[in-house]
Amino acid sequence: MLRRLALTAVALPVLAVGCPAQDSDKGRALAAKLCAVCHMQSGQLEKHGKAGVPAFTAVANRPHQTHEAIVGWLRSNPSRMPEHRLTWDEVDALAAFIMTLRKPD
């Protein structure tokens, strides 16, 4: 009985995280809807235009970039971005999508 409880306690956090592939698919759709005009232009690099907007590929490929860092940035309500009122799940999904753009080390 104790062993079963211990296994359940270990498995629950994994289930709560969700499937990364599903999250990135949801994030891709969200990015296409809300973010593409500023962050997904063809040939866009780290900074683009007068506002200095980085492409998602540039964000993903910054040295030492992590999913958690992207989530933290998005949840900080950056003043340079429009207020989209994203849910925590949407922020996580968007970060998952952005990290799919990272080139292997």
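Which order do peptides 72-83, 23-34 fall in by mean Cβ count within 10 Å, highest first? Intermediate values should be presented prior to the final figure.
Details: 72-83: 11.2, 23-34: 17.1.
Ranking, from highest mean packing down: 23-34, 72-83.
Throw me the Rg/Rh for the stretch 47-105, computed over C-alpha atoms with Kirkwood Rh, two decimals.
A ratio of 0.96.
Values quoted throughout were computed directly from the atomic coordinates according to the rules given, and no laboratory measurement underlies them. The shown structure was predicted, so the numbers you read here are calculated from the model rather than taken from an experiment. We place every Cβ from the backbone using ideal geometry, glycine too, and count neighbours over all the protein chains shown.
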